[in-house]
Amino acid sequence: MTTLEHDADATEASPGYQRPRWLLVVLGVVCTIALLGAGAALSVLTGVGTDRPPAVDSVDAGFARDMATHHDQAVQMAQVVRDNSTDPAVRLLAFDVETGQLAQIGQMRGWLDAWGQTGQSEIPQMAWMGHSVSPGQLMPGMATTSELGKLRGLRGKAMDVYFLQLMIRHHTGGLEMAQYGAAHASKTYVRTMSSAIVTAQQNEVVTMEHMLRERGAEPIS
C-alpha cells in the first residue's frame with residue numbers, strides 16, 4: 001500500500017469523516033440508471049412481449065403507468081433523505097425504498113415498452129380501478145408540491161420524522177392500487193409484482209411506524 005492510499009484509508013476511517021456530497025450524488029445517479037436498466041432487463045427475461053399485449057385501458061397497463069408514477073415520488077423523497085440524513089437507520093430505510101422501487105419502476109416501464117405503450121396516457125389516473133382521480137387531484141398517499149418542498153428544506157431529526165410520516169402515508173395510499181392489481185390484472189407477472197408490493201409496503205409501514213414512535217412522533221393523515 002502506498003503512502004497516499006494509507007492516508008486516504010485513514011481519513012475515511014476517522015470518526016468525523018463524511019464523503020463529499022458530490023460523490024453521493026454521482027453514486028445516486030449511477031445507482032438509479034443501473035436499477036432502472038436492471039428492471040427493464042428483467043421484464044425481457046421474464047418473457048414480456050412474447051404474448052398478446054394488454055390494451056391501454058386495461059388493469060395491467062393502468063397499474064404499470066400509475067404505480068410507476070407513484071413509486072417515482074417515493075424515490076424522490078428517499079433520495080432527499082439518503083443524501084442529507086445523519087440517522088443511520090433512516091438512511092438505510094431510504095436506501096431500501098429507493099433501490100426497491102427503482103427496480104420495480106424499471107420493470108413496469110419495460111412492460112409498457114414491450115406492449116408498445118408509454119408512461120403517459122389521456123386516460124385519467126386510476127380509471128382502470130373504476131374510480132378515476134379528478135383533474136388536479138393526486139393519487140392516494142402522494143405528497144403535495146408544498147410538502148416535498150418542506151421535506152427538502154428540513155434537516156436533522158425534523159427531516160427524518162417528516163420523511164417517515166410522508167412515506168407511511170405514501171405507502172398506505174399505494175396499497176389499494178397494488179391490491180387491485182393483484183386481484184384483477186390479466187398477466188401473471190403483473191399480479192406477482194402487485195402482490196410483492198402489497199407485502200413489502202405493509203411490512204415497511206410497520207417498520208416506519210415503530211421508527212416514528214421511537215422518535216416521539218405519530219403518523220399524519
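The numbers here are math on the coordinates, done by the rules we state, and not lab data. All values reported here derive from a predicted model rather than from experimental measurement. Positions of Cβ are backbone-derived with ideal geometry, glycine not excepted, and every protein chain shown enters the neighbour counts.
Worth a mention:
- Residue ranges 207-215, 116-124, 163-171 sort as 163-171, 207-215, 116-124 when ordered by packing (mean number of other C-beta atoms within 10 Å per residue, highest first).
- Counted charge near PRO140, where neighbours are those whose Cβ lies closer than 11 Å (Asp, Glu -1; Lys, Arg +1): -1
- Cβ charges +1 (Lys, Arg) and -1 (Asp, Glu), total dipole of the range 104-221, debye: 200 debye
- Along the range 112-127 the Karplus relation, 6.51 cos²θ - 1.76 cosθ + 1.60 evaluated at θ = phi - 60°, assigns HN-Hα couplings of 4, 5, 5, 7, x, 10, 10, x, 10, 7, 7, 5, x, 4, 6, 4 Hz to successive residues, with x for each Gly and Pro.
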